[in-house]
1. Once the piece of chain linking Met236 and Ser273 is laid out straight, how much longer is it, given 0.36 nm per residue of separation minus the C-alpha distance between them?
2. Given 5 Å bins starting at zero, what is the percent of C-alpha pairs of region 211-297 in each, up to the one with the largest pair distance?
3. Arrange Trp42, Trp247 by Cβ neighbour counts within 10 Å, fewest through most, would you?
4. What relative contact order, as a whole-number percentage, does region 64-144 give when Cα pairs under 8 Å and 6 or more residues apart are counted?
5. Counting only C-alpha contacts under 8 Å and six or more residues apart, can you give the relative contact order of the chain as a whole percent?
6. Helix 214-224 versus the longest principal axis of the chain: what is the Cα-based angle in degrees, 0 to 90, to the nearest 10?
7. Tell me, what is the FRET efficiency for Arg135 and Ala20 to the nearest 0.05, using R0 = 41 angstrom and their Cβ-Cβ distance as r?
8. Quick one: putting +1 on the C-beta of Lys and Arg, -1 on the C-beta of Asp and Glu, what dipole do you get for the chain around its Cα centre, in Debye to the nearest 20?
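What follows is calculated from the coordinates using simple rules that are stated; it is not laboratory data. Since we're looking at a predicted model, the values are computed, not measured. In this analysis, Cβ positions are derived from the backbone assuming ideal geometry, glycine residues included, and neighbour counts consider all displayed protein chains.
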Amino acid sequence: MDTALHTSFVAAVGDAYPIAPDALARLADALTERLAEAREAWPGVSVSGAAFAAYLADRVPDDGDPGAALGEMRVADLYLACACTLGAEGAAEAFEKHVMPAVPKAVARIDGSTQFVEEVVSNVRVKLLIGDGERPPRVASYLGRGPLTAFAQVVALREAQSIKRRGSKEEPVDRDSLLEVPLETDDPELAQLKAEVQGPFQRAFREALAELSPRDRTVLRLYLVEDVGSETIARMYNVHRATVARWVADGRDAVLKGTRKRLMKDLALARSSFDSLIGKLATQLDVSLASFLDERA
């Protein structure tokens with residue numbers, strides 16, 4: 001158990017939100033375990049435990065039990081994001097090798113031409129790792145709810161759509177074409193499954209999204225589509241950044257559960273096929289949300 005992690009985390013939280021006494025007692029062990037897992041995942045990247053604990057404190061939902069919340073988050077991905085934000089040695093190289101390869105796929109959903117993909121990928125690399133003007137690197141906005149690769153794809157979709165909109169002669173992006181079943185495969189049987197569930201998936205996703213409260217829908221749109229950081233959203237609602245993290249997490253979970261419930265009722269699939277579909281949806285949820293919440297599309 002590393003008490004320094006605990007001390008750094010609690011100091012970063014301050015009096016922003018209460019932590020239950022029993023949760024506080026478990027926090028040090030949880031932080032120690034998550035840090036060890038993160039360092040094992042990225043052996044060539046080094047961030048001090050105290051710095052990472054403080055970084056996590058700004059991104060863990062304020063539900064009173066941060067140790068348990070860490071178990072629901074992509075802590076290893078957050079470690080890499082933290083390292084990139086701090087400019088740690090080896091971080092940019094790891095990001096380039098393990099995250100950036102997912103970006104061209106997202107861009108190709110808008111325009112698959114080589115020139116367009118290369119332009120967007122180049123812009124996204126700068127935005128994610130360097131920032132622009134007074135904006136910090138976008139990777140600092142990652143909250144650890146879905147894979148870091150999916151977060152990078154969301155940034156890529158925003159950039160691709162922005163470039164398309166600036167071209168006055170371009171056709172508007174078809175939002176339905178972006179809201180695809182997140183099942184990429186060369187297997188003919190799985191390709192047939194994707195075609196069969198496309199309609200029910202779009203309907204279920206829309207209905208689940210419509211059930212969100214106006215606030216949760218707005219927060220997801222600001223965070224995923226409008227490129228507004230959680231700290232800025234927190235100021236807009238006069239809450240702590242950790243509260244925004246909880247709202248984002250709750251909104252994502254509600255859409256995933258709502259979509260799952262509707263698909264379970266509408267589709268007659270084998271359990272293994274259904275579980276595979278839902279698993280893919282969970283990993284690509286932010287991309288699907290960003291595609292559909294973009295009211296300008």
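1. Here the answer is 9.1 nm.
2. 3, 14, 22, 21, 16, 11, 7, 4, 2, 0
3. Going from sparsest to densest Cβ surroundings: Trp42, Trp247.
4. 34 percent
5. That works out to 19 percent.
6. Taking Cα atoms only, the helix is inclined about 90 degrees.
7. 0.70
8. 660 debye
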